[in-house]
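Below is one structure, written out as structure tokens, with a few remarks after it.
We did not get these values from a lab; they are worked out from the coordinates using the rules stated. Remember, predicted model here, so these are calculated numbers, not experimental data. In this analysis, Cβ positions are derived from the backbone assuming ideal geometry, glycine residues included, and neighbour counts consider all displayed protein chains.
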């Protein structure tokens, strides 16, 4: 944690701590893993995303690897949805169409 001192600029002293928690749940069968990610924003909105992973029949059964791949894909989709949401809010607030965020 950063300790504030008198020598730091006022802007550095006026920080607000915000935390987000992402929940990821997994469903698995013998060859497929599904991940569902949920982010609850401080304003009450929720953003949901999904990711999938498939295991080739010749691959060894390693459920954790399937969870990592499916989870990463769900988080990637979640990130893209957040960028789109932010872009839409920027356009709404500014009254003009801006370049998409990537």
Next item on the list: Based on other C-beta atoms within 10 Å, arrange 16, 33, 84 from fewest to most.
Entry: 16, 84, 33
Check: Considering the chain, what Rg and Dmax in Å follow from its alpha-carbon atoms?
Finding: 19.6, 63
Next item on the list: Give me 24, 90 ranked fewest to most by other Cβ atoms within 10 Å of their Cβ, as a rough exposure proxy.
Entry: 90, 24
Checklist line | Helical contribution to [θ] at 222 nm, DSSP H n ≥ 4, -39,500 (n - 2.57), averaged over the chain, rounded to 500 | finding: -12000 deg cm²/dmol
Next item on the list: Could you please rank 18, 69, placing first whichever residue has the fewest other Cβ atoms within 10 Å of its Cβ?
Entry: 18, 69
Notebook entry, point to check: Using the alpha-carbon atoms, what tilt in degrees (0 to 90, nearest 10) does helix 63-94 show relative to the longest principal axis of the chain?
Noted result: 40 degrees
